[in-house]
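The values are calculated or read from the model by the stated rules, or taken from the named source; none is laboratory data. Being a predicted model, the structure only gives us computed values, none of them experimental. Cβ placement follows ideal geometry from the backbone for every residue including glycine, while neighbour counts extend to all protein chains displayed.
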Amino acid sequence: MDSNIIVPQKTEKQDILPEDYNNWRKEIISLIEQSKLKAILSVNAELLALYWRIGSDILTKQKEQGWGAKVIAQLSKDLSERFPDDRGYSERNLRNMKKFASEYPTFPIWQVPLAKLGLLPIRKAALAELPCDENGFVQVSLAQISWYHHISLIAKVPANAERAFYIMETAANGWSRDVMLSQVANGYIKAKGNAITNFKQTLPAYQSDLAQYAFKDPYNFSFLGTVALQRELDIEKNLAQRITDFLLEMGKGFAFIGRQYHLTVDGDDYYIDILMYHLQLHCYVVVELKAVEFVPEFVSKLNFYISAVDEYVKAPEDKPTIGLLLCRSKSDTKARFALRGITQPLGIAQYETEKLFEDVASALPQIEDLRISWRTKNEIG
């Protein structure tokens, strides 16, 4: 080794990272994530524009020039031969492009009457933020969701305002296509903001509106399977084990803190069924599960837990804790009566666990139908 070569020695100062390195690292990661998201959205917008243009051209050729249906089959064959690695030019997808262009003639935006959107479960503040022209039409961006989201929604949701609602909710919540279709099938549009609450009486106006639409009724826990005979502890355990499904059903903003959350009040032990935190509301959410029909006495216990969390868990910067009582079933009248005079924010809703199985059962032949079929078969034989 050449004795004239000097190898620099690391100093203690060089080994120590700057104090603000972690913050800088987070900023770089955030920049990369934002850049990737923009790239994905850009590619999606280009794909939608391409498919809309092809669909629009097909509509024009068939309507104005009288081209027949065979042109789609021929175009599919020609494009598939020219672009063998691209599966987007099947006859079925070309017909979807035609339908897409027909449904959205004003692409890349879709004009939906504000008055109709106002009838849906959308927060007043969020509704006011939507871009709207002088004629009262909201400009809904179609590039918010993917092509496969679009063709599924067109098939499942014919009403314009409701479809626009699902486009915006899908984008806001980051739903996959399967999750979106599950929300459509489970009646998300009717459940959102439908919980019985006292938020208007117990929260500031700006927060009560957000809180109302953070909760829904009913909640669909069919991913748990048939748990009609299970205890409340069993349901809690299963929800914790299926935490991803649980959080998807609860909605955007909910974070899971724990189940059977332990509190000590004057030497006595208490256990909250499920404790959550809502990131947009900036508050804890106490969830009480009841595997039976609602009775007014449940409200008193939940009210106690809210007070305990406010006293022992809540930080000074947190907003007041909210309670959510989830029951197997409920009387809306009894629920409203039970909330009168309660000064802490509280909501009451019910949950379903057998809907999926009821839907399957309804599609199966009934026993009497099978008997008639069997008799007919024997008589013919």
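Data overview
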| read-out | value |
| --- | --- |
| Residue in the stretch 105-117 that is of a type in the set (Ser, Thr, Tyr), surrounded by 15 or more Cβ atoms within 10 Å (Cβ to Cβ), more than 23 Å from the chain's Cα centre (by Cα) and assigned by TED's automatic domain parsing to the domain that holds ALA161 present | no |
| Verdict on ALA361 being part of a helix (DSSP H, G or I) and at pLDDT 90 or above | no |
| Test: ALA228 is closer than 20 Å to ALA349 by Cβ and modelled with pLDDT under 80 | yes |
| Count of residues meeting criterion [farther than 22 Å from ALA205 by Cα and outside any helix (DSSP H, G or I)] in the stretch 114-138 | 8 |
| Only listed residue being touching a residue at least 24 places away in the same chain (Cβ under 8 Å) and at negative phi, chosen from LEU127, LEU119 | LEU119 |
| Test: SER80 is in a helix (DSSP H, G or I) and more than 29 Å from the chain's Cα centre (by Cα) | yes |
| Residue check for ILE322: at pLDDT 95 or above, closer than 20 Å to ALA214 by Cα, touching a His at 6+ places or on another chain (Cβ under 9 Å) and surrounded by 15 or more Cβ atoms within 10 Å (Cβ to Cβ) | yes |
| All positions within the stretch 168-201 that are under 18 Å from ARG336 (Cα atoms), in contact with a helix residue (DSSP H, G or I) (Cβ under 8 Å, 6 or more places away or on another chain) and of a type outside the set (Lys, Arg) | GLY193, ALA195, ILE196, THR197, ASN198, PHE199 |
| Considering residues of the stretch 174-210 that are of a type in the set (Gly, Ala, Ser) and farther than 23 Å from LEU119 by Cα only, the residue surrounded by the most Cβ atoms within 10 Å (Cβ to Cβ) | SER176 |
| Any chance PRO84 is out of contact with any helix residue (DSSP H, G or I) (no Cβ under 9 Å at 6 or more places or on another chain) and closer than 20 Å to GLU162 by Cβ | no |
